[in-house]
Amino acid sequence: MECGIIGLPGSGKTCLFTALTGSPAVHSGGSNRPNIAVAAIPDPRLTVIAGYIEPRAVTPASITFVDIPGNDPGAGATKSGPLLAHVRQVDAICEVVRCYDGTDAQRDVIRLEEELVLADMAVVEPALDKARRTARTGLAEAKAKVAALEKASAVLGEARPIRTVTDFTPGEDAIVRGLGLITAKRMLYVANVSEDDLAGESSSARAVRDFAAANDGEAVVLCALLESELAELDEADRDEMLEGMGLSEPAIGPLARGVCRLLGLRTFYTVGEKEVRAWTVSETATAPEAAGVIHTDMQRGFIRAECYHVDDLVELHDEKSIKAAGRLRTEGKSYHVRDGDIMHMLFNV
Ligand SMILES: Nc1nc2c(ncn2[C@@H]2O[C@H](COP(=O)(O)OP(=O)(O)OP(=O)(O)O)[C@@H](O)[C@H]2O)c(=O)[nH]1
Ligand SMILES: [Mg+2]
């Protein structure tokens, strides 16, 4: 799963990126290139499972963060073209809003939102022109495309993001999705506050939270500078610093949970002596689709899954007892994965 980090210049994107991923930024301030690195999703259930299974390795699920440099807003949407191409590919977007120095956060959020609408228009309008020309040949497919793009164009024309459209037909939705429109993606708004406002009581932080709530997004309050300092410490020092600041965990926790909620993701686990591992899948995923996240061969040759829940393990301690208690389920191709399932995929290729 990929999450793009966007925001106006100097909002703290690269600072947050290094804090979340623990990787130094190769490209910073004024660069034209994105930074890309992976962050593990903290998951207390993994520790619980590993306590019973005692594997040689524990592998959390992960999010790939793409830190996209802020462009000069005065330059308009065309200049940011190559940069925004990276944003078109991600699954979700974190928008960092500067709240640490009393700048007008609400104005900034609205300004960036307008930029993104313009960037999407720059994609939709030429696509619509082309579709209209093709539609003259009378092809039904082209006509459907025109209808979808006209709907998208009208929404953007009202300065509204595509994600507010609720009446796309599945066909229209697929056409629009194919364009990688930025305003169609789910948004997590990050209020980057100062160290003195970790609870996010300032008017800037409140403006971000209100904006997120009004726009069907998630909001997280954090101090990117503090988080990047935390990321450099070893575990003991980090826990001490967190406690001193009155924080219960580093920001990757609430941020990853926010992204998972936005994208409707569920976590399932595979377990064995060698490795206990967490995987994320969409909430609509069937057992073969979940197997496909592990390996495409597993999906292709999926036979069935043997499955139980983390809660069964906590109650009964091992698979033998789970089986004896009749809690080891056999699930077929139409099974919808539940959050917290532990799955053995049986497949044949
Ligand atoms: N006081 C304070 N300063 C911060 C915070 N976050 C970022 N900064 C400062 O803001 C400046 C810009 O931070 P960056 O993370 O490079 O900003 P950016 O959004 O990546 O900027 P561009 O890549 O140029 O678009 C740096 O000097 C940071 O030290 C914060 O939480 N508090
Ligand atoms: Mg940067």
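Give the residue that is farthest from ligand 1 (Cβ to nearest atom), with candidates limited to residues of the range 19-56 that are among the charged types (D, E, K, R) and surrounded by fewer than 16 Cβ atoms within 10 Å (Cβ to Cβ). Break it down into steps so the answer makes sense when it comes.
First pass over the range 19-56, keeping only residues among the charged types (D, E, K, R): 33, 43, 45, 54, 56.
Applying the additional criterion that residues be surrounded by fewer than 16 Cβ atoms within 10 Å (Cβ to Cβ) yields 33, 54, 56.
Working: 33: 10, 54: 40, 56: 38 Å.
Selected residue: 54.
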* To do: Would you mind stating whether residue 209 is closer than 30 Å to residue 15 by Cα and either part of a loop (DSSP other than H, G, I, E, B) or at pLDDT below 95 (or both)?
  => no
* Could you give me the residue pairs with C-beta distances under 7 Å whose first residue belongs to the range 188-203 and is farther than 24 Å from residue 4 by Cα, whose second residue is more than 12 Å from ligand 1 (Cβ to nearest atom) and charged (D, E, K, R) wherever it lies, and which are 6+ apart or on separate chains? => none
* Name the residues in the range 1-52 that are part of a loop (DSSP other than H, G, I, E, B), of a type in the set (Ser, Thr, Tyr) and within 10 Å of ligand 2 (Cβ to nearest atom), would you? -> 11, 28, 31
* Please find, within the range 82-113, the residue that is farthest from residue 252 (Cα to Cα) out of those that are within 16 Å of ligand 2 (Cβ to nearest atom) and without any contact (Cβ under 8 Å) to a residue 60 or more places away in the chain. => 82
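Can you find, within the range 55-73, the residue that is nearest to ligand 2 (Cβ to nearest atom) among those that are out of contact with any helix residue (DSSP H, G or I) (no Cβ under 7 Å at 6 or more places or on another chain), part of a loop (DSSP other than H, G, I, E, B) and at pLDDT 95 or above?
Narrowing the range 55-73 to residues out of contact with any helix residue (DSSP H, G or I) (no Cβ under 7 Å at 6 or more places or on another chain): 55-57, 59, 61-62, 64, 72.
Narrowing further to those that are part of a loop (DSSP other than H, G, I, E, B): 55-56, 61, 72.
Going one step further and asking which of them are at pLDDT 95 or above, we end up with 55-56, 61.
On the way: 55: 38, 56: 38, 61: 26 Å.
Checked the range 55-73; the qualifying residue nearest to ligand 2 (Cβ to nearest atom) is 61.
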* Asked: From 214, 152, 140, which residue is loosely packed, with under 15 Cβ neighbours inside 10 Å, of a type in the set (A, V, I, L, M), away from ligand 1 (no atom under 16 Å from the Cβ) and closer than 25 Å to residue 90 by Cβ?
  -> 214
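Yes or no, residue by residue, for (1) surrounded by 18 or more Cβ atoms within 10 Å (Cβ to Cβ); (2) in contact (Cβ under 8 Å) with a residue 24 or more places away in the chain:
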site	(1), (2)
235	no, no
255	yes, yes
268	yes, yes
282	no, no
305	yes, yes
310	yes, yes
319	yes, no
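The values are calculated or read from the model by the stated rules, or taken from the named source; none is laboratory data. Predicted, not measured: the structure shown is a model, and the values here were computed from it. So basically every Cβ, Gly included, is an ideal-geometry build from the backbone, and we count neighbours across all protein chains shown.
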